[in-house]
1. Give all pairs with beta carbons closer than 7 Å in which a residue from segment 255-283 that is charged (D, E, K, R) meets a residue that is assigned to a helix (DSSP H, G or I) and at pLDDT below 95; count only pairs at least 6 apart in sequence or on separate chains.
2. Can you tell me which of (1) in a loop (DSSP other than H, G, I, E, B); (2) buried (at least 17 other Cβ atoms within 10 Å of the Cβ); (3) acidic (D, E) is the one E301 doesn't meet?
3. Just to be sure I understand, how many residues within segment 209-219 are assigned to a loop (DSSP other than H, G, I, E, B) and modelled with pLDDT of 90 or more?
4. Consider A286 against the criteria (1) touching a strand residue (DSSP E or B) at 6+ places or on another chain (Cβ under 8 Å); (2) surrounded by fewer than 14 Cβ atoms within 10 Å (Cβ to Cβ); (3) outside any strand (DSSP E or B): it satisfies all of them except one. Which criterion is unmet?
5. When the residues of segment 220-232 are narrowed to those that are loosely packed, with under 15 Cβ neighbours inside 10 Å and either modelled with pLDDT of 95 or more or not charged (D, E, K, R) (or both), which ends up nearest to L294 (Cα to Cα)?
6. Among the listed residues G201, G153, G168, which satisfies the condition of being assigned to a strand (DSSP E or B), without any contact (Cβ under 8 Å) to a residue 40 or more places away in the chain, on the phi < 0 side of the Ramachandran plot and touching a Lys or Arg at 6+ places or on another chain (Cβ under 7 Å)?
7. A296 passes all but one of (1) closer than 14 Å to Q149 by Cα; (2) surrounded by 16 or more Cβ atoms within 10 Å (Cβ to Cβ); (3) touching a Gly at 6+ places or on another chain (Cβ under 8 Å); which number fails?
8. Looking at (1) at pLDDT 90 or above; (2) closer than 22 Å to F277 by Cα; (3) not hydroxyl-bearing (S, T, Y), find the lone condition where G165 falls short.
Amino acid sequence: MKRTLFVLLVYSSLGSWSRAADAPAPAPAVPITEDLVADPLDTPSAPLAAPEPAAPIEEPPALAADPVPAAREVPRVEIKKDPEPEPPVSEVVESAPLPTATTSGRTNLSTWEFDPDVPLIQRIRPQWGIRIEGSSSAWKGLPNSSIRQIGMGFEFQPRVFQKVGVLGLGVGFGILPVVSSGMTLNTTHVSSIGSLWYLAGTLRYQLKIVRNQWVVPMAAFHFERATYKTKTLASGATTASGLSLGALFLLNAVDPEIAAQSLAEAGLVRSYLFAEFRMLRPTGGALSYEDRALIAGIRLEYE
């Protein structure tokens, strides 16, 4: 056993020596000097390469639009509303467009025709007048009785003469009831209420210078012819003529709504109460006339 270990030890020593003899000799050491050490700052740097452009972003393909379904027709439902109340007639008349000769046939507008603040009823110039009049004692001449007067008249007022005031030409007629007391017919002198009657003519001027004038002075030349047929006097006629002075009192301002309604429905422009004194001088016949007979009544003026 010992002999075997010794043989292995010798054999391994011999192998190690043979390998060392065969190895090449080491290269001599080279000394390091300053020339051999490279300075990193002196080394030229390579140029930086330009960055590659980014690849374009591809947009996702557009999705096909879904077809819009056809709209289903919905049945219409009518909602009934309460009717709106009609405006007052005065507002309808005042807010109406300005009339012209081509649209409404009106050529009777005053100088305020283009003023929207003036109601239409105050811009119209009426050309027709109607009078209803009466007197308690105008004519006289029958003993123990009074002669009343009830009549009416019509006047034409040309618009061309309405620049300053109103000029009118009219005619009238009426009856002259003969009463003994109150309104009792005096049958001693007459057989009927129409035994005395009269015809009249008038040329009248109204001093109307402002719109919606409350009081309008007036003057007229008046003519009357009374015809009579009595039991105590022979039949005949008496003519009286002379000056008349009085005034008109406007009723439109009392109730403008009724006035506007009257214009819309009947063409009535102005309404007046009037009173005048007639100072007529009779000629011929058996009757006479009071020195200053008071006549009163109502006057209506239309388009």
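1. Going by the 7 Å Cβ cut-off, the qualifying pairs are E257/V89; E257/S90.
2. (1)
3. 1
4. All conditions pass for A286, except number (2).
5. The first filter runs over segment 220-232 and keeps only residues loosely packed, with under 15 Cβ neighbours inside 10 Å, leaving 221, 231-232.
Checking the rest, the ones that are also either modelled with pLDDT of 95 or more or not charged (D, E, K, R) (or both) come to 221, 232.
Numbers: F221: 15, T232: 27 Å.
The residue in question is F221.
6. After applying the criteria, what remains is G168.
7. Going through (1) closer than 14 Å to Q149 by Cα; (2) surrounded by 16 or more Cβ atoms within 10 Å (Cβ to Cβ); (3) touching a Gly at 6+ places or on another chain (Cβ under 8 Å) one by one, A296 breaks only (2).
8. Going through (1) at pLDDT 90 or above; (2) closer than 22 Å to F277 by Cα; (3) not hydroxyl-bearing (S, T, Y) one by one, G165 breaks only (1).
The values are calculated or read from the model by the stated rules, or taken from the named source; none is laboratory data. Here the structure is a predicted model, which is why all the values come from computation and not from measurement. No Cβ is skipped: glycine too gets one built from the backbone with ideal geometry, and neighbour counts run over all protein chains shown.
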